[in-house]
């Protein structure tokens, strides 16, 4: 009798229930694919060589010694200082700069996703499209970009600032002008993002182009306030660190390759063709709502910039973060503009992430199963570097950090300088045996030939090996290292 009183489910209700099921399944899959990365968050084993490098810079930011060394030195720093100051402060509270950086990066990634949600909610009102945007962002984050989940790296922190800057620029309604206060806040966030990671340029460029088309008066305000903030920042950097900060950040030792750009960027360009088609409705819709030109510009600017940045040696998949954020905004907003919205183009836009799910699942299982073994693998390296009777150098600088030592060599920078004959200080340091111990990855992957490995082996001999890493000490014919 009670069942007879329940009205039959309508077609709209069935579709809504099916949508919720798909959304929950996709969200659960994203969470499961991220578990392996989160499982590593509290341990003393690095997921990425950047973790120790960033921790070392955060330590230097609050300790004696140069945060921006002489360009001829064997250590280097090619990042702006803001992330090191933030991680340095948080690291003092947490007691570990690498773990503090992981927590901050995870929070920043979630904040970036929240910004994507907020921007889409402003451009395409309706819960459906914000959920789709969040799932697109989360899906690509857990597959294509999964190596940057919860690692001590400033990339997501910079994008969080930039993304919320975009949100501040967008008026609430079509035809409204951006409020001056929000333009100023957006400029401040963009400058802060650049002070965290200096190669985040796609969003500021896209925002400037959009304001030029949308509201010239706001553009003047944007440029004036941005220039004022930029001038204040540059004056502060100059006062604290001198001209060296600009030399180190803007002219680092890095080589570029057209072949590398094509190899790393061409597949992305092909994958973006259906995304461009999916976003086609925005071209017509922006006549009635000129705010909708912003997602188009975000995609149009971030694709070529990401491809060009991939030409640089050592530039990783993080060159495409801006593209993924732009995709997660543009595709659901464009789909909402169609007369009969369909998930077909959303599915096609998500296809690269879907294809990477099996690989991400395998990596996830390896991380879940291999964490404790990795900790055991790292422990003897950390212990022996801590006990070394003199200066040390670590390829994986997390080993030096957890050993309570500072690495005397920046391996990536020195490798790049050796390719151009610019590492004059290296040969005498190795010949004199100045380093009591050097930790080095045996294969040391890279796009170019690695001249540092033979230079070290000419004067140092292995005393401990495990998997793909080893510890080396001076040969007997080298001078005894000094503290």
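Any read-out appearing in this document is the output of simple, stated calculations on the displayed coordinates, not a laboratory observation. Computed from a predicted model, the values in this text were never measured in an experiment. Virtual Cβ from ideal backbone geometry, glycine too; neighbours counted across all protein chains shown.
Observations, loosely collected:
- In the chain, the longest principal axis of the Cα atoms and the axis of helix 127-142 are about 20 degrees apart.
- Tilt relative to the chain, helix 180-196 - C-alpha long axis, 0 to 90 degrees, to 10: 30 degrees
- As a calculated quantity, the FRET efficiency between residue 431 and residue 464 at R0 = 22 Å, using C-beta atoms, amounts to about 0.45.
- For the chain, the longest principal axis of the alpha carbon atoms and the long axis of helix 321-336 meet at an angle near 10°.
- Radius, Kirkwood style, for the stretch 20-132 when every pair of distinct Cα atoms is counted (Å): 16.7 Å
- Euclidean distance between Cα centres, the stretch 297-376 to the stretch 186-224, Å: 24 Å
- For the stretch 274-422, diffusion coefficient by Stokes-Einstein and Kirkwood Rh (Cα), 20 °C, 1.002 mPa s, µm²/s: 109 µm²/s
- Kirkwood Rh (inverse of mean 1/r, distinct Cα pairs), the stretch 372-474, angstrom: 13.8 Å
- Binned Cα-Cα distance frequencies in the stretch 236-287 - 10 Å width, integer %: 18, 21, 19, 23, 19, 0
- Diffusion constant of the stretch 71-192 at 20 °C, which comes from Stokes-Einstein with the Kirkwood Cα-pair radius and 1.002 mPa s, µm²/s: 133 µm²/s
- Extent of the stretch 240-353 along its three principal axes (Cα atoms, max minus min coordinate, largest first): 56, 34, 18 Å.
- Multiplying each eigenvalue of the alpha-carbon gyration tensor of the stretch 86-149 by 5 and taking the square root yields semi-axes of 29, 14, 6 Å, largest first, rounded to whole angstroms.
- Spin-label model, residue 179/residue 372: points 7 Å from Cα along the beta carbon direction are separated by 5.4 nm.
- Under the criterion of Cα pairs below 8 Å and six or more residues apart, the relative contact order for the chain equals 18 percent.
- Tail fraction, Cα-Cα pairs, the stretch 309-385, threshold 17 Å, whole percent: 69 percent
- Over the stretch 199-269, the fraction of Cα-Cα pairs per 5 Å bin, rounded to whole percents and listed from the shortest bin up, is 3, 12, 12, 16, 15, 14, 15, 12, 1.
- Along its first, second and third principal axes, ordered by size, the stretch 344-427 spans 61, 38, 15 Å in Cα coordinates.
- Of all DSSP bridge pairs formed entirely within the stretch 372-474, close to 70 percent run antiparallel.
- Dimensionless Rg over Rh [the chain; C-alpha; Kirkwood]: 1.02
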